[in-house]
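This report concerns only the one structure given below.
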Amino acid sequence: MNISATNNLEAFWMPFTANRQFKKNPRMFVSADRMHYTTSDGRQVMDATSGLWCVNAGHNRPKIVEAIRQQAGELDYAPAFQMGHPKAFELASKLVAMSPTGLDHVMFTNSGSESVETALKTAIAYHRAKGDGSRFRLIGRERGYHGVNFGGISVGGIVPNRKMFGTLLTGVDHLPHTHDLQRNAFTRGIPEHGAELANELERIIGLHDASTIAAVIVEPVAGSTGVLVPPKSYLQKLREICDKHGILLIFDEVITGYGRLGAPFAADYFGVVPDIMITAKGLTNGVIPMGAVFVKNEIHDAFMTGPEHVIEFFHGYTYSGNPMASAAGIATMETYQEEGLLTRGAELAGYFEDGLHSLKGLPHVIDIRNIGIVGAVELEPIAGEPTRRAFQAFLDAYDKGLLIRTTGDIIALSPPLIVEKSDIDFIIDTLGGVLKALD
Ligand SMILES: Cc1ncc(COP(=O)(O)O)c(C=O)c1O
């Protein structure tokens, strides 16, 4: 390793990382370009995970790099409250122009987690602004991931993310998850079985009464718990039930947004428009932290009342719409548009699907699933040692020049949308080799 003695690995308590394992044998990236990272020992590693599902246009894209350089020298910071700067408005206008119909207003944040909190607070405050303040409950879903802040882990459904942190938010309930290995294993694309799970929302409404429920929040495709593709008609049913009962539907598109499924947003892919749409990650190609929360006109307009000198919504961040992030966001949207990346996934999805499903039959593989340019290979866990087998696959793949992501005993793939067929071949061949050699 080429790490100087003064670089003390102990000081940095790393996020969502096996710290002791890492620090015994660190894995460091020192540069990146397009589909590849370079490690501190000079090796090339193909990025089959778009960083953390965020580098949708690949690494080191000239337009984005240049936009940030220029912005840093022109306007480094402007207050986000009671002041503005042109780039934040330009980015917001660009975003609403490409978003599903009716989502015509956008609030900026600095991450997916903050976008989630913003969306949940907006939903509750919206009902209150309309004089319907008894609607305070939030309905999430088992196996949902909505970031790590208190609202997000409360509506989220990942046990280790929740169990250490006390009572969480009150007034939260959960839909069942839609992962059904018995009926849907090895499905290509959208699974056939499970739309009826959306009816569980009616059961929850029956328990609490619709008049107490503000919003339902789901990831259209659950990413972090292993690429759980919604069953056919499931999202449509959720939409119908929410409409019937005056409940807002929130889509967390932090992963699915900006082209991951081969359409700009999952809302476009599934033809289901939420009332609030949460994005982050691909918004700036992962280069500068930023999130964007899209809201329907009725929601925005419900706040635009009262004396005009009074703040309408008591919420926001020091860095909401930060100039550098805005500049990165504009350059990212231009890169996506110039290169057709928001729909490129649709052209490659079939090739990616065929490659991925060719891994069926390899040792320990109990499911393979895919949609757009995202896929997962689920492994049988080692008895009594959950996560160990997939983590070993992660380490072996890294040694062979491939970055994959694992969650539990599931391997997730989500390469940058500039991926070529030859890159997909490399990903599948390398992963196949890793799987064949696993204990
Ligand atoms: C669906 C979803 N929501 C929220 C988040 C949280 O985003 P961040 O890590 O930027 O806070 C993530 C991150 O992976 C995510 O996948």
For the stretch 363-387 and the stretch 205-262, write down the distance between their C-alpha centroids in whole Å. 24 Å
Potential lengthening between F81 and H193 on full extension [0.36 nm per residue; Cα-Cα distance subtracted]: 35.5 nm
Could you sort 212-223, 427-438 so that the peptide with the highest average Cβ count within 10 Å comes first and the rest follow in order? 212-223, 427-438
How much FRET efficiency would the formula 1/(1 + (r/R0)^6) give for F89 and S134, where r is the Cβ-Cβ distance and R0 is 45 Å, rounded to 0.05? 0.80
Cα centre as origin, Lys/Arg/Asp/Glu Cβ charges: the stretch 65-338 dipole, Debye: 660 debye
Given a Förster distance of 56 Å, report the FRET efficiency between E202 and E74 from their Cβ-Cβ distance, rounded to the nearest 0.05. 0.55
Hey, how many Å between the Cα centroid of the stretch 147-170 and the Cα centroid of the stretch 410-433? 32 Å
How far is it, in nm, from the label point at E334 to the one at S40 when both lie 7 Å from their Cα along the line to the Cβ? 3.6 nm
With a cut-off of 19 Å, note down the residues of the stretch 37-79 whose backbone N falls inside the zone around a label point 7 Å from the Cα of S422 toward its beta carbon. 37-38, 44-48, 58-59
Work out how much length K63 to I366 would gain on full extension: take 0.36 nm times their residue separation and subtract the Cα-Cα distance, in nm to one decimal. 104.9 nm
In the stretch 162-213, which GluC sites (Glu not before Pro) are in a loop and have at most 14 other Cβ atoms within 10 Å, using DSSP for the loop call? E192
Among T430, P323, L341, flag the residue with its Cα farthest along the positive direction of the charge dipole of the stretch 291-439, charges on Cβ as +1 for Lys/Arg and -1 for Asp/Glu. T430
Set K63/K87; K94/K121; K163/K232; K360/K436; K281/K400; K23/K400 screened for pairs whose C-alpha atoms are more than 22 Å apart: K94/K121; K163/K232; K281/K400
Extreme residue, positive dipole direction of the chain, given options N7, N56, T407 (C-beta unit charges): N7
Given an 8 Å cut-off on Cα distances and at least 6 residues of separation, report the relative contact order of the stretch 65-338 as a percent. 29 percent
Any idea how far the Cα center of the stretch 48-67 sits from the one of the stretch 267-346, in Å? 18 Å
Most packed first (mean Cβ within 10 Å per residue), the peptides 73-80, 408-415, 32-39 order as 408-415, 32-39, 73-80
Taking 0.36 nm per residue of separation and subtracting the Cα-Cα distance, what length does fully extending Q21 through D243 add? 75.1 nm
In nm, give the distance between the simple-model label positions of R183 and M98, each being 7 Å from the Cα along the Cα-to-Cβ direction. 3.6 nm
Extending each Cα 7 Å along its Cβ direction at D209 and L52, get the distance between those two points in nm, one decimal. 4.1 nm
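A short reminder: the numbers here are calculations on the coordinates, not readings from a lab. This structure is a prediction, so every number in the text was calculated from the model and none was measured. When we count neighbours, we look across all protein chains shown, and the Cβ atoms used for this are built from the backbone with ideal geometry, even at glycine.
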